[in-house]
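Asker: Before I ask anything, here is the structure I am working with.
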Amino acid sequence: MTRRTSSDDNAPRLYITDLDGTLLDPDARLSAATRAGLERLLAADVPFTIATARNPHSIREILGDLRLTLPVIAQHGALLTDMVTRTHLRVRAMTSGAALAVLDTAKQHGTSAWISTTTGTRDHVSYDVVTNGGMQWYLDDRVAAMDPRLRRVGDLTSVFDEQVTCVTVMAQPDVTDAVAAALRDEHPDAMTIHVYDNAYSPGWRWLTAHATDAGKDNGVRDLLERHEFSDHEIVVFGDTTGDLPLFDVAHRRIAVANADQELIDVACETIGPHHEDAVIEYILRDAGLDV
């Protein structure tokens with residue numbers, strides 16, 4: 001689609017940012033400076049929210065007691081979630097056939113997958129077997145966090161009676177890349193696929209599959225349907241090619257210095273790296289709250 005052009009310089013702004021590699025520090029946390037800045041931003045009622053590959057439970061772990069009044073765009077746009085009420089306002093679910101295709105393809109390449117689902121009132125992340133160190137890292141992380149969504153099942157297809165929001169393959173790059181290539185070749189119109197390195201467990205790569213209409217761009221559209229921002233300039237921040245759909249629906253596109261070159265090439269501006277609190281400093285300055 002054609003990207004939006006910048007709106008009136010005097011227009012109010014809606015700020016939307018990615019988390020990992022953008023707003024968060026290298027340990028996947030909000031730095032003290034970023035947290036304090038967000039507190040000022042929210043106290044001033046500046047429109048702000050998040051668009052991320054993470055799930056709402058993980059977002060809540062990161063935000064802590066920060067209360068976002070706007071819904072968050074989660075799991076690459078598969079979910080639009082009210083963080084105050086913990087209600088999914090929109091679910092873009094995969095078909096059972098698409099989810100099964102990911103499971104079968106992963107199995108053909110010697111690995112398994114995680115399936116994220118929702119019943120509408122309760123979320124789950126299900127698995128059957130742990131086939132590699134990347135999966136074990138994630139399992140250990142979720143167990144340590146006492147994640148209530150975690151569920152081991154004997155047959156992953158048994159969860160298909162719930163809405164499937166994401167199927168995730170965690171493996172070494174040669175495996176995830178081969179799975180992605182096979183899915184794109186054999187099921188080109190069945191799902192949206194993202195492949196990216198796990199920044200917190202070097203050597204492992206993630207493949208996430210979502211509904212064909214999931215995307216951060218559609219997540220923003222879902223948000224705009226529910227809130228009146230027609231007169232606002234949409235300002236977005238990102239770091240990977242997974243943020244390209246987010247850039248497509250923005251008036252102003254900001255890349256952090258550590259961003260993929262493809263994202264930098266289409267950005268309106270490049271700011272400092274994520275580990276220097278560049279995003280919150282930019283927003284505070286742009287919103288007139290940097291004094």
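Values in this text are rule-based calculations from the coordinates and carry no lab data. Owing to the predicted nature of the structure, the values given are computational and were not obtained by experimental measurement. Here the Cβ is made from the backbone with ideal geometry for all residues, glycine too, and neighbour counts use every protein chain on show.
Asker: Does segment 66-88 contain at least one residue that is among the basic types (Lys, Arg), crowded, with 21+ Cβ neighbours inside 10 Å and within 23 Å of Leu246 (Cα to Cα)?
Answerer: Within segment 66-88, none of the residues are among the basic types (Lys, Arg), crowded, with 21+ Cβ neighbours inside 10 Å and within 23 Å of Leu246 (Cα to Cα).
Asker: Next question, about the same structure. Quick one: in segment 139-187, of everything that is in a helix (DSSP H, G or I) and of a type in the set (Ser, Thr, Tyr), which residue is farthest from Thr95 (Cα to Cα)?
Answerer: Thr176
Asker: Related question: Just checking, does segment 231-254 include any residue being surrounded by 19 or more Cβ atoms within 10 Å (Cβ to Cβ), on the phi > 0 side of the Ramachandran plot, in a loop (DSSP other than H, G, I, E, B) and in contact with a Ser or Thr (Cβ under 8 Å, 6 or more places away or on another chain)?
Answerer: No; the residues of segment 231-254 include none that is surrounded by 19 or more Cβ atoms within 10 Å (Cβ to Cβ), on the phi > 0 side of the Ramachandran plot, in a loop (DSSP other than H, G, I, E, B) and in contact with a Ser or Thr (Cβ under 8 Å, 6 or more places away or on another chain).
Residue-by-condition table, conditions (1) aromatic (Phe, Trp, Tyr); (2) under 21 Å from His57 (Cα atoms); (3) surrounded by fewer than 17 Cβ atoms within 10 Å (Cβ to Cβ); (4) without any contact (Cβ under 8 Å) to a residue 60 or more places away in the chain:
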residue: Thr118; (1), (2), (3), (4): no, yes, no, yes
residue: Val130; (1), (2), (3), (4): no, no, no, yes
residue: Asp147; (1), (2), (3), (4): no, yes, no, no
residue: Gln163; (1), (2), (3), (4): no, yes, no, no
residue: Val167; (1), (2), (3), (4): no, yes, no, no
residue: Val175; (1), (2), (3), (4): no, no, no, no
residue: Pro188; (1), (2), (3), (4): no, no, yes, yes
residue: Thr192; (1), (2), (3), (4): no, no, no, no
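This table checks each residue for (1) farther than 20 Å from His275 by Cα; (2) in a helix (DSSP H, G or I); (3) in contact with a strand residue (DSSP E or B) (Cβ under 7 Å, 6 or more places away or on another chain).
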{"position": "Asp20", "(1), (2), (3)": "no, no, no"}
{"position": "Leu23", "(1), (2), (3)": "no, no, yes"}
{"position": "Arg29", "(1), (2), (3)": "no, no, no"}
{"position": "Glu39", "(1), (2), (3)": "no, yes, no"}
{"position": "Ser58", "(1), (2), (3)": "no, yes, no"}
{"position": "Glu61", "(1), (2), (3)": "no, yes, no"}
{"position": "Leu70", "(1), (2), (3)": "yes, no, yes"}
{"position": "Ala99", "(1), (2), (3)": "yes, yes, yes"}
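Asker: Hey, can you tell me all the residues within segment 200-211 that are under 28 Å from Leu70 (Cβ atoms) and surrounded by fewer than 17 Cβ atoms within 10 Å (Cβ to Cβ)?
Answerer: Listed by number, the list holds a single entry, Tyr200.
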